[in-house]
Amino acid sequence: MAHPLPILVPTPAHSAIHLSGGTLTWLSEQALVPGTLVRVPLGRRVLLGIVWDSTTAAADTPAIDADKLRPIAEALTALPPLSESWRRLVDFTARYYQRSAGEVALAALPPALRELSGEQLARRLKKQRRTSLKAPDPSAPIGPLPTLTAEQATALEALAKHDASAPFLLFGATGSGKTEVYLRAVQDLLARDPQAQALVMVPEINLTPQLEARFIARFGAARVVSLHSGMTNPQRLRSWLAAHGDLVSDGESDNHDRGTVVSPVRIVLGTRMAVFASLPRLQLIVVDEEHDPSYKQQEGARYSARDLAVYRGRLENAQVILGSATPSLESWHHSRPADDGGRYVRLAMPSRVGATDQPDAPGGGLPLVRRVDMRHQPKGAVFSPPLLAAMRERIARGEQCLVFLNRRGYAPVLHCAECEWKSECPHCSAYRVFHKIDRTLRCHHCGYTERVPRACPACGSPDIRPIGRGTEQIEEQLAQLLADVQRPAGTPAGTEATAAEAGPVRIARIDADTTRHKGELEAQLAQVHQGEVDVLVGTQMIAKGHDFRNITLVAVINPDTALFSSDFRAPERLFSLLMQVAGRAGRDTEAQARAGRPSEVWVQTEQPAHPLYETLKQHDYPAFAAQQLQEREQAGLPPFSFQALVRAEARTQEGAQAFLNAASTLGQDAAAQLAVTVYPAVPMSVQRVANVERAQMLVESASRAALQRFLSDWQETLHALRGTPEGQGILRWAVDVDPLAI
Ligand code: ADP
Ligand code: ZN
Ligand code: ZN
């Protein structure tokens, strides 16, 4: 007898299938359990699908006419079925972020899985099983372990008293040794349960190699895999399969529920996509730098991997550790005292490793923050004289400096002094950036690139000049300003350098332009670590995570613009970015004590008395957070309210707004009933990109449940609108729940 099975297939949120619960029905000779991967015919194609739970889908599925059903093409039974909690994670993600479960589920699987037949997959698993059996099993951690600092020990004790019901917020200063806490937490877990699995996430691909090296050194290569978008499809498949595991039963049984899933891989390291890794024995989830905006997916299902990690922890009864020196205000607010309504447990590690052995190291070994009032510096100076003097001194002592400017290229705009022409992009409402190296004007939004004109394209005047500055220009200016500085001979402390001759200063730049090719970033970072660079110029790419040992001075050139942004999260982002860059300075507290002086962070600003810089100077995140949360509470902003954005793209701005406003009108009654506010449509801050006009509309409520309810009821309205006159010109629209940028 053939069994009708509800099967999830990849359908975009915009399809009718989505509105019918997300699954379609096929027939199978075998009764397959939910979570089994199958290949099914749809139209003329054969697609990868997942047998889903009839309970969640049945309610909405139209009555099944068994005669019209087609049989599945095959079932990939060599693979253990995806777990119940994995399926619930997918269902939740789809519901919460207003997408189809099929889209979420299939995007969460490694792409290479779509190409394999059952037979190919079985062969691949067999091969993988053979190699994993050969791999050594280090039952004890490798190498001598560092003695824990008192703060690390206290944090680990709290974690060990393990109450998986509440997530932990590890609030640890940069360099306080958070990674060591993660390593030990994993180690403790594996000591309790050698079969357990842990998921450790970092925000950026370029932080994974460093983390991977530390985990492999501790646990052995056979126990650790990575999952991130920088991997090739075959690599991703290999990691995914290894973590997903294998069945120990002889594999012939149809009912995989009876088999036991085993996986040799204990630890998955990855970026946001790893939150969907199939880990049948997941017991610990770490989200490092949990505040980082990279955890938010910016297309398709716009999920927050951090928030999903917390949800998944609850589903799997796994411990969750969110780590940061500057937590998101949401997580910080959740970690307020329990009797005040807090749901997370806050663990603090305020001091840098080694700082307590160095009683002279001020502020827990954190660098000294100096503000330079740019209103009192020579006009037009990019580098203030005191900053320059400090840098020269550091270099002359064989120490490294880092100069941070979050803008690449030479200058953000080219300008004609005669007629006021500016290097606007013809396709976007933005200026094209001047890149001097290859003499191009490049649009950073649509990529449109042209040679720099010799004369003004509007009036022919040769007097066209760059305005403002980017990293390229900083690098060029520093080369001139520091041309006469000599670095000493010898090996700088804390680097892996071989002794070098004395010589002129060496400047390097790291940004998206210098690291476009594979391996370039790693090579450049290695040069910094090996002491082959004296001054490193870069964008936020170098601000995060890297454990530079010999950088003793960090300079922030022009951070002020973020103070006046219309985005209410701009100060939060600026503060954490500055704390992160500052965190690159003076990570070797011993070396500082030897040198007899602290490392420094220089902030050039025209607003030296701004409260943000005051709290930065004190390294006082709690004070900054308290002040921001107070403002947010008064203004009714997150985390005291909940938001979603609906974005629409059309050929004209009127078209984009008409669609949104029509949707708003149709949702009015529901919004009023649920106490949800729908604001009028407005152009996005960069209104036009690649000749497409963009508009957005904010939806807000004091209740998350009410907002969710409103959005899911409203979906149908939005879909239906596409067929009406207001929906005619719409190219795309999407809902962004808990948006990060407004
Ligand atoms: P964070 O992630 O908090 O910024 P890291 O985990 O990178 O800090 O630790 C900073 C540095 O301190 C690293 O070089 C690490 O190897 C070292 N470290 C961490 N814990 C200890 C310890 N208990 N004893 C000695 N060194 C440590
Ligand atoms: Zn001109
Ligand atoms: Zn453009």
note = Those residues of segment 1-50 which are surrounded by fewer than 18 Cβ atoms within 10 Å (Cβ to Cβ), among the polar types (S, T, N, Q) and either at pLDDT 85 or above or part of a strand (DSSP E or B) (or both) amount to Gln30
request  = Pull up segment 181-195, narrow it to residues that are within 13 Å of ligand 1 (Cβ to nearest atom) and either more than 22 Å from the chain's Cα centre (by Cα) or modelled with pLDDT under 95 (or both), then point me to the one that is most open to solvent (accessible area, probe 1.4 Å).
outcome  = Arg184
note = How many residues of segment 281-318 are within 20 Å of Leu227 (Cβ to Cβ) and outside any helix (DSSP H, G or I)? The answer is 21
query = In segment 280-299, which residues are closer than 23 Å to Asp547 by Cα and of a type in the set (A, V, I, L, M)?
reply = Ile285, Val286, Val287
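Let's see how each residue does on (1) more than 22 Å from Leu707 (Cβ to Cβ); (2) of a type in the set (Gly, Ala, Ser):
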site	(1), (2)
Leu616	yes, no
Tyr621	yes, no
Phe624	yes, no
Gln634	no, no
Leu637	no, no
Ala644	no, yes
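State the number of residues belonging to segment 102-134 that are closer than 21 Å to Thr271 by Cα and not β-branched (Val, Ile, Thr).
Adding up the residues that qualify gives 10.
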ask   = Is it the case that Arg236 is closer than 23 Å to Leu521 by Cβ and either away from ligand 1 (no atom under 11 Å from the Cβ) or crowded, with 22+ Cβ neighbours inside 10 Å (or both)?
value = yes
query = In segment 149-180, what residues are within 20 Å of Val310 (Cβ to Cβ), of a type in the set (D, E, K, R) and away from ligand 1 (no atom under 11 Å from the Cβ)?
reply = Lys161, Asp163
ask   = Hey, which of the strands (runs of 3 or more DSSP E) in segment 647-723, taking only ones fully inside, have at least 2 residues that are open to solvent by less than 40 Å² (accessible area, probe 1.4 Å) and either more than 30 Å from Tyr431 (Cα to Cα) or more than 16 Å from ligand 3 (Cβ to nearest atom) (or both)?
value = 676-678, 692-701
task = Output the qualifying pairs, or none if there are none: Cβ atoms under 7 angstrom, residues six or more apart or on different chains, first residue in segment 209-231 and more than 17 Å from Thr131 (Cβ to Cβ) and touching a residue at least 24 places away in the same chain (Cβ under 8 Å), second residue crowded, with 21+ Cβ neighbours inside 10 Å and among the charged types (D, E, K, R).
result = Phe219/Arg266; Leu227/Arg236
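Is there a residue in segment 716-723 that is away from ligand 2 (no atom under 16 Å from the Cβ), at pLDDT 95 or above and outside the structural domain of Ser566 (by TED's automatic domain parsing)?
Within segment 716-723, none of the residues are away from ligand 2 (no atom under 16 Å from the Cβ), at pLDDT 95 or above and outside the structural domain of Ser566 (by TED's automatic domain parsing).
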ask   = So, of the residues in segment 305-326 that are open to solvent by 10 Å² or more (accessible area, probe 1.4 Å) and at negative phi, which turns out to be farthest from ligand 1 (Cβ to nearest atom)?
value = Leu315
query = Do you know which residues across segment 130-157 are modelled with pLDDT of 65 or more and surrounded by 15 or more Cβ atoms within 10 Å (Cβ to Cβ)?
reply = Ser132, Leu148, Thr149, Glu151, Gln152, Ala155, Leu156
Leading residue by the ranking (most open to solvent (accessible area, probe 1.4 Å)) among those in segment 384-402 that are modelled with pLDDT under 95 and part of a loop (DSSP other than H, G, I, E, B) = Arg397
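Matching residues to (1) within 12 Å of Ala348 (Cα to Cα); (2) away from ligand 2 (no atom under 16 Å from the Cβ); (3) open to solvent by 30 Å² or more (accessible area, probe 1.4 Å); (4) not assigned by TED's automatic domain parsing to the domain that holds Trp332:
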residue: Ala166; (1), (2), (3), (4): no, yes, no, no
residue: Leu169; (1), (2), (3), (4): yes, yes, no, no
residue: Gly175; (1), (2), (3), (4): no, yes, no, no
residue: Thr179; (1), (2), (3), (4): no, yes, no, no
residue: Gln197; (1), (2), (3), (4): no, yes, no, no
residue: Glu204; (1), (2), (3), (4): no, yes, yes, no
Residues within segment 405-442 that are within 16 Å of ligand 3 (Cβ to nearest atom), in contact (Cβ under 8 Å) with a residue 40 or more places away in the chain and of a type in the set (A, V, I, L, M), tallied = 3
remark   = Scanning segment 408-425 for residues that are within 16 Å of ligand 2 (Cβ to nearest atom) and open to solvent by 10 Å² or more (accessible area, probe 1.4 Å) gives Val413, His415, Ala417, Glu418, Cys419, Glu420, Trp421, Lys422, Glu424
query = Do any strands (runs of 3 or more DSSP E) lying entirely in segment 505-623 carry at least 3 residues that are buried (at least 21 other Cβ atoms within 10 Å of the Cβ) and touching a residue at least 12 places away in the same chain (Cβ under 8 Å), and which ones are they?
reply = 535-538, 551-556, 600-605
task = Kindly indicate whether any position in segment 468-476 is open to solvent by 60 Å² or more (accessible area, probe 1.4 Å), more than 18 Å from Leu405 (Cα to Cα) and away from ligand 2 (no atom under 11 Å from the Cβ).
result = no
ask   = Does segment 443-454 contain at least one residue that is away from ligand 3 (no atom under 16 Å from the Cβ) and within 32 Å of the chain's Cα centre (by Cα)?
value = no
request  = Go through Gly342, Gly365 for me and flag whichever is at pLDDT below 90 and open to solvent by less than 60 Å² (accessible area, probe 1.4 Å).
outcome  = Gly365
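The values are calculated or read from the model by the stated rules, or taken from the named source; none is laboratory data. These numbers come from a predicted model, not from an experiment. All Cβ positions, glycine included, derive from the backbone under ideal geometry; neighbour counts span all protein chains shown. In case anyone asks, the SASA skips ligands and DNA or RNA and just uses the protein heavy atoms, side chains included. Shrake-Rupley method; radii C 1.70, N 1.55, O 1.52, S 1.80 Å.
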